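Only one structure is covered here, and it is reproduced in the block below.
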Amino acid sequence: MKQAQILDRLPDVFKEGATPDNPLAAIVGVMEELHARDEGILSGFGAYLDPRRTTDPFVPYLAAWVDLAWLLVDPPDDPYAEPGTPFAGGLGALRELVAAAAHAAKWRGTAAGLVEMLETATGEHGYQVDESVTDDAGRTLPFHVRVVVPASAAQYLNLVARIVEHEKPAHVIADVELGQAPA
């Protein structure tokens, strides 16, 4: 805030006394200097909240805001754990997960939502969710799904298992298995 704006907010008796040789003018000048840093921060505040533009250390904090902290703590269900585990998919993928969190919440518990989240988290495509899992006798197993991970995502198998366990409906049993590499 500039000196003129500060003076505008003062009572008239102070405005009249704020001449260049008066101590009040010096105090108003100091006030301007004190406001400068905070105003600079506030003018760029939107960049702090945008997961694609914020600083690297702030991304896990934003992830916690959108209920993705479970990706960064061990064990994932510990409410007292501090995020600190590096995200297996990399910081860029975490930024994209945070950016897509509102959309992902809308599709949570669906096969399409799970596939989209896995693709965003790993950067790999080709995940499949089989909702018609059968036993050895060929009978369909109720409330059972199989997530087939593309061979190119083998390095993310632990991350995929964690995401599937957290994102599937509570009443569903989910198996995660690695698919075959294309011939």
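All but one of (1) within 24 Å of ALA170 (Cβ to Cβ); (2) surrounded by 11 or more Cβ atoms within 10 Å (Cβ to Cβ); (3) not charged (D, E, K, R) hold for ALA25; state the number of the condition that does not hold. For ALA25, the exception is condition (1).
Being free of Cβ contacts under 8 Å to residues at least 40 places away in the same chain, assigned to a loop (DSSP other than H, G, I, E, B) and hydroxyl-bearing (Ser, Thr, Tyr) is a description that does not apply to TYR48.
For every residue, the table says whether it meets (1) loosely packed, with under 12 Cβ neighbours inside 10 Å; (2) β-branched (Val, Ile, Thr); (3) touching a strand residue (DSSP E or B) at 6+ places or on another chain (Cβ under 9 Å).
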| residue | (1), (2), (3) |
| --- | --- |
| GLN3 | no, no, no |
| ILE6 | no, yes, no |
| ASP12 | yes, no, no |
| ALA18 | no, no, no |
| HIS35 | no, no, no |
| ILE41 | yes, yes, no |
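Annotation note: Cβ proximity below 7 Å between a residue of segment 1-28 that is closer than 21 Å to GLY40 by Cα and a residue that is in a loop (DSSP other than H, G, I, E, B) (sequence gap 6+ or interchain) occurs for LEU7/ALA18; VAL28/ALA18.
The numbers here are math on the coordinates, done by the rules we state, and not lab data. No experiment lies behind these values; they were computed from the predicted model shown. We place every Cβ from the backbone using ideal geometry, glycine too, and count neighbours over all the protein chains shown.
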